[in-house]
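Novice: Just passing along the structure, written as structure tokens.
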Amino acid sequence: MTDRYDVVIVGGGIHGVGVAQAAAARGHSTLLIEQDELAGGTSSRSSKLIHGGLRYLESGRIGLVRESLRERALLLRLAPELVRLRSFYFPIYRATRRRPWQVRTGLSLYALLGGLSDDTRFGRLKRDAWAALDGLRTDGLQAVFRYRDAQTDDAALTRAVMRSAEALGASRAMPATFAAAKLTRDGCEVEYKHDGTEHACHARVMINAAGPWVRAVLDRIEPVPTGRAVVLVQGSHIVVRGAIERGIYYVEAARDGRGVFVMPWRGDTLVGTTETPFKGDPGEVRVLPGEEAYLAEVLHRHFPRYAGEPIIDSFAGLRVLPVGRDPTFRRSRETVLHPDRVDRPRLLTVYGGKLTTYRSTAEKVMRLVASSLPDRDPVADTRTLGLTAS
Ligand SMILES: Cc1cc2nc3c(=O)[nH]c(=O)nc-3n(C[C@H](O)[C@H](O)[C@H](O)COP(=O)(O)OP(=O)(O)OC[C@H]3O[C@@H](n4cnc5c(N)ncnc54)[C@H](O)[C@@H]3O)c2cc1C
């Protein structure tokens with residue numbers, strides 16, 4: 001007999017596990033199918049920030065920043081072992097495109113959107129404090145602002161959310177590859193390969209949370225559903241030996257004015273990110289030599305003491321962004337949720353999004369598919385479910 005689930009999810013990145021947790025919390029039978037390992041895709045290759053996204057203010061994404069700051073506050077409470085508040089430093093040189101008054105205005109708005117809580121306090125450092133900033137270059141330096149945001153281990157967070165989902169009754173097939181699905185009157189017949197064997201199950205609703213593979217999954221569904229036009233944009237990071245200690249620096253790349261983060265990471269320093277158009281198989285994404293050179297240049301320019309240090313690691317992830325004319329860093333980071341139909345959807349596709357807002361996104365997904373699901377007794381509320389590191 002075919003297994004039957006309320007919700008079947010393809011993809012064990014942060015969105016897939018977030019939906020698994022939210023679905024199981026509502027009492028739904030849930031299966032998650034992941035082809036590789038949890039967080040094997042983008043969710044282990046992010047900048048690892050749980051943040052409002054200060055720079056999104058520049059493109060007027062007020063709603064996204066407010067939602068992200070709300071989720072940040074929640075995650076600091078629910079996952080204190082995994083999400084930690086850090087000091088962020090924003091240095092402004094004579095040549096920096098953003099002027100001190102602009103940064104002060106941005107940080108004021110950021111604090112306002114964060115409810116003026118303690119975590120949103122910011123200030124301008126006194127000159128005599130500059131010497132303690134990890135060797136930050138001071139010639140031409142005009143001001144340094146300090147504010148706070150949070151850092152996590154993205155893969156560990158993803159695993160923690162899946163553990164929470166499983167504790168609520170969700171199941172997982174892994175490594176298991178989604179092979180095909182057929183949309184029927186009342187749901188979806190899903191086929192996948194697990195342990196070398198073909199499996200089939202029935203889902204009242206299937207969630208396509210395959211990240212950069214989202215289009216490949218849609219192409220295997222019959223009848224082929226309409227989708228959103230998206231592009232993949234590669235973002236790379238390098239790891240350089242030796243830890244930056246005071247906190248996270250948000251610096252401007254001289255070449256193109258983009259913001260780049262320099263962060264402590266497992267005793268070394270993580271620098272990222274880039275924005276490079278990508279075409280091809282998402283599994284083949286690799287850091288390009290030009291990206292390494294760009295990030296090293298930004299690091300050395302701001303922290304000359306790293307000039308002789310080797311790059312000891314690097315990784316690349318793929319953003320899923322709407323097609324558009326704007327430069328990629330100005331395109332919407334808002335998650336797009338696309339059901340195959342408004343009433344009783346059988347399929348819902350998740351495009352793009354942020355690690356930070358995974359929980360609120362998962363709750364939105366569940367509201368959008370509620371008409372396809374039977375009433376069940378909720379067993380938990382994701383707003384109060386704690387997450388632990390192991
Ligand atoms: C460079 C970069 C930096 C970022 N930095 C931040 C940040 O600092 N803070 C923040 O909030 N957000 C950040 N983001 C955004 C965030 O990382 C992503 O939105 C998020 O990780 C996407 O998760 P996902 O679950 O949608 O996709 P993924 O994590 O890619 O998961 C998709 C999963 O689907 C699986 N899959 C695909 N096809 C199949 C199949 N046929 N069968 C079974 N499984 C399949 C894959 O193996 C993969 O595990 C960043 C993104 C990038 C690219």
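Values quoted throughout were computed directly from the atomic coordinates according to the rules given, and no laboratory measurement underlies them. What you see is a predicted model; the values in this text were computed from it and never measured. Reconstructed Cβ throughout: ideal geometry from the backbone, glycine too, with neighbour counts over all protein chains shown.
Novice: Based on what the data block shows, is Ser29 surrounded by fewer than 22 Cβ atoms within 10 Å (Cβ to Cβ), more than 7 Å from the ligand (Cβ to nearest atom), of a type in the set (Ser, Thr, Tyr) and closer than 23 Å to Ser371 by Cβ? Steps first, answer last, please.
Specialist: Values: surrounded by fewer than 22 Cβ atoms within 10 Å (Cβ to Cβ): yes; more than 7 Å from the ligand (Cβ to nearest atom): yes; of a type in the set (Ser, Thr, Tyr): yes; closer than 23 Å to Ser371 by Cβ: yes.
Answer is yes for this residue.
Novice: Just to be sure before I move on: is Arg98 over 27 Å from Arg359 (Cα atoms) and among the basic types (Lys, Arg) in the structure I sent?
Specialist: On the way: over 27 Å from Arg359 (Cα atoms): yes; among the basic types (Lys, Arg): yes.
Yes.
Novice: Restricting the search to region 210-239, which residues are under 17 Å from the mean Cα position of the chain (by Cα) and under 30 Å from Ile312 (Cβ atoms)?
Specialist: Across region 210-239, the qualifying residues are Gly211, Pro212, Trp213, Leu232, Val233, Gln234, Gly235, Ser236, His237.
Let's see how each residue does on (1) in contact (Cβ under 8 Å) with a residue 24 or more places away in the chain; (2) over 28 Å from Asp381 (Cα atoms); (3) part of a loop (DSSP other than H, G, I, E, B); (4) near the ligand (Cβ under 7 Å from one of its atoms):
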residue	(1), (2), (3), (4)
Gly40	yes, no, yes, yes
Ser46	yes, no, yes, yes
Gly52	yes, no, yes, no
Leu57	yes, yes, no, no
Glu67	yes, no, no, no
Leu74	yes, no, no, no
Pro80	no, no, yes, no
Arg86	yes, no, no, no
Ile92	yes, yes, no, no
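Novice: I'm checking my understanding of the structure. Among residues of region 345-372 that are in contact (Cβ under 8 Å) with a residue 40 or more places away in the chain and away from the ligand (no atom under 16 Å from the Cβ), which one is farthest from the chain's Cα centre (by Cα)?
Specialist: Taking region 345-372 and keeping what is in contact (Cβ under 8 Å) with a residue 40 or more places away in the chain, we get 345-363, 365-366, 369, 372.
Imposing the further condition that a residue be away from the ligand (no atom under 16 Å from the Cβ) reduces the set to 345-346, 369, 372.
Values: Pro345: 25, Arg346: 25, Val369: 22, Ser372: 27 Å.
The residue in question is Ser372.
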